[in-house]
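Reviewing the structure listed below.
The values are calculated or read from the model by the stated rules, or taken from the named source; none is laboratory data. Just so you know, these numbers come straight off a predicted model, no measurement behind them. Glycine gets a Cβ as well: all are built from the backbone with ideal geometry, and neighbour counts include every protein chain shown.
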Amino acid sequence: MTWIIVISVIGGITSGAFLVPDSLISKIDVFVTGALAFLLFCIGMDIGKNRAILKNLHKDGLKIVFLPISIAIGSIFGAVLLGLFMGIPVNETSAVGAGFGWYSLSGIMITQIYNTETGTLAFLTNVWREILACIIIPITAKYFGKYAAIAPGGATTMDVTLPVIQKSVGTDMVMAAFINGAILSAMVPILVPLLIKIPF
């Protein structure tokens, strides 16, 4: 699965740079949205057929609640630590980390509230988080377990990285991943403006 994702990303970059005409590039968003909708529809059918999912969700109730909180803390704390090492202010790195992979919203919000440079950093950082999540989720699932596999995706576990999680850890974790992504997505518009205004 990891190699398929890596080859797909490299193939996409190469195609975009050398093969695909600009007229098609402008229509890629429509294709991506359609493909993602179809993938999520298939996952939904899989959930509907698997009666054990709701039982597992009820059994793991507290873990499901604490999972997005732990991921949020880890994402922000990790960004701040790296920012201190690179000499970037805490308010900027914490707000970038609070994007949780939702690059479009976090980038736009920081650009509007703070400045264009940090907004661009947030956009690029969270784009790379999504790409890297697709690559490392199968590896994380293999070596660290099914709950750890949800962490790299952040807010994207409710959409883009959900199919990768399903493939890596099974259908029984799909609802947990979806709930995690929904909670983290709801936290982004609250935490990003709050953290970017920290006075240090």
Report task. Could you grab me the full set of residues in the range 137-159 that are under 12 Å from the mean Cα position of the chain (by Cα) and farther than 15 Å from PHE178 by Cβ? Result -> PRO152
Requested in this report: Please specify each residue of the range 126-167 satisfying the condition of being part of a helix (DSSP H, G or I) and of a type in the set (Asp, Glu).
Outcome: GLU130
Report task. Could you tell me whether any residue of the range 184-197 is in contact (Cβ under 8 Å) with a residue 12 or more places away in the chain, more than 30 Å from MET45 (Cα to Cα) and among the basic types (Lys, Arg)? Result -> yes
Query raised in the report: When you look at ILE110, is it over 13 Å from the mean Cα position of the chain (by Cα), part of a helix (DSSP H, G or I) and among the aliphatic types (A, V, I, L, M), yes or no?
Result: yes
Report task. Count, please, the residues in the range 5-27 that happen to be surrounded by 11 or more Cβ atoms within 10 Å (Cβ to Cβ), modelled with pLDDT of 70 or more and under 29 Å from PHE178 (Cα atoms). Result -> 4
Query - Evaluation of ALA122 against (1) in contact with a helix residue (DSSP H, G or I) (Cβ under 7 Å, 6 or more places away or on another chain); (2) farther than 22 Å from ILE183 by Cβ (one fails), failing number - result: (2)
Report task. Hey, could you check the range 122-154 for residues that are under 26 Å from ILE196 (Cα atoms) and among the polar types (S, T, N, Q) and say which is surrounded by the fewest Cβ atoms within 10 Å (Cβ to Cβ)? Result -> THR125
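For every residue, the table says whether it meets (1) over 17 Å from ALA155 (Cα atoms); (2) modelled with pLDDT of 75 or more; (3) surrounded by fewer than 12 Cβ atoms within 10 Å (Cβ to Cβ).
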site	(1), (2), (3)
GLY34	yes, yes, yes
PHE38	yes, yes, yes
GLY48	yes, no, yes
ARG51	yes, no, yes
LYS55	yes, no, yes
GLY61	yes, no, yes
ILE71	no, yes, no
MET86	yes, yes, yes
Requested in this report: Consider only pairs whose beta carbons are under 9 Å apart and that are at least six residues apart or on different chains; among these, list those whose first residue lies in the range 102-123 and is free of Cβ contacts under 8 Å to residues at least 24 places away in the same chain and whose second residue is outside any helix (DSSP H, G or I) and small (Gly, Ala, Ser).
Outcome: GLY107/GLY99; PHE123/GLY99
Report task. Mind telling me which of the residues ASP172, ASP159 ends up being in contact with a Lys or Arg (Cβ under 9 Å, 6 or more places away or on another chain) and of a type in the set (Asp, Glu)? Result -> ASP172
